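Everything below concerns the one structure shown next.
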Amino acid sequence: MSPAATGSGIEPRRDVFERWRRHSRLIRRLRILLPMAIGLILIIVAGFVVRSTLIGEKAKPVDTQAPIQLVNPRFVGRDNKGRAFVITARVATRDPADYQRVILQTPALVLDEEGDNPMRISALSGVYREDARLLSLDGDVKLNGADLNFTTASSLFNTATGELEGAGEIQGVGALGEIIAKSYGVYDKGDRLVFKGGVHTRVESK
């Protein structure tokens with residue numbers, strides 16, 4: 001065999017060996033890099049999942065079962081005879097168990113608002129039933145206007161008839177003088193007052 005032939009046989013073998021060695025080094029590197037890349041991808045995916053969860057919690061919609069609240073609400077209406085009335089409160093909360101029931105904090109009622117001598121009633125708390133058109137007032141109820149200045153424990157106003165009644169002790173001053181009674185009724189925009197139960201009066205002479 002000639003020297004030239006011998007040299008040409010060795011060179012291809014060296015090329016094959018060198019390629020195999022480079023390929024082997026690449027395989028070793030990939031065996032290290034691929035697990036690291038997979039681990040990095042898993043960490044990134046986990047981070048996105050956690051971030052999406054936190055954002056979802058922050059953007060969670062308000063509980064639809066939570067009660068509806070109104071600040072400084074104003075209910076305006078008229079009774080069956082066309083007389084205007086206004087109901088206001090510091091806060092009104094609609095009962096989630098009974099949509100027709102509205103709970104009022106420090107409510108106030110104005111009867112015959114458009115008249116010459118409207119009557120104003122205030123209380124610590126109240127409940128307005130929209131279906132029955134009844135307003136219940138409780139706690140330090142005060143009646144002022146239409147020649148009345150009374151204090152009582154509770155009152156019930158019928159927004160349909162415009163009548164105001166109470167079953168608790170009432171005391172104060174009317175057109176005739178001082179009056180104390182256990183129940184009362186205010187009718188015809190305050191033109192007609194009915195007191196019942198242990199009525200005591202002190203008439204003021206003019």
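I'd like to verify a number: residues in segment 108-137 that are loosely packed, with under 15 Cβ neighbours inside 10 Å, among the acidic types (Asp, Glu) and modelled with pLDDT under 80, how many?
2
Quick check on THR53: is it farther than 18 Å from LEU164 by Cβ and either modelled with pLDDT of 80 or more or assigned to a loop (DSSP other than H, G, I, E, B) (or both)?
On the way: farther than 18 Å from LEU164 by Cβ: yes; either modelled with pLDDT of 80 or more or assigned to a loop (DSSP other than H, G, I, E, B) (or both): no.
Spelling it out, it is not the case that THR53 is farther than 18 Å from LEU164 by Cβ and either modelled with pLDDT of 80 or more or assigned to a loop (DSSP other than H, G, I, E, B) (or both).
The values are calculated or read from the model by the stated rules, or taken from the named source; none is laboratory data. Predicted model, so just to flag it, every value in this text is computed and none were measured. We place every Cβ from the backbone using ideal geometry, glycine too, and count neighbours over all the protein chains shown.
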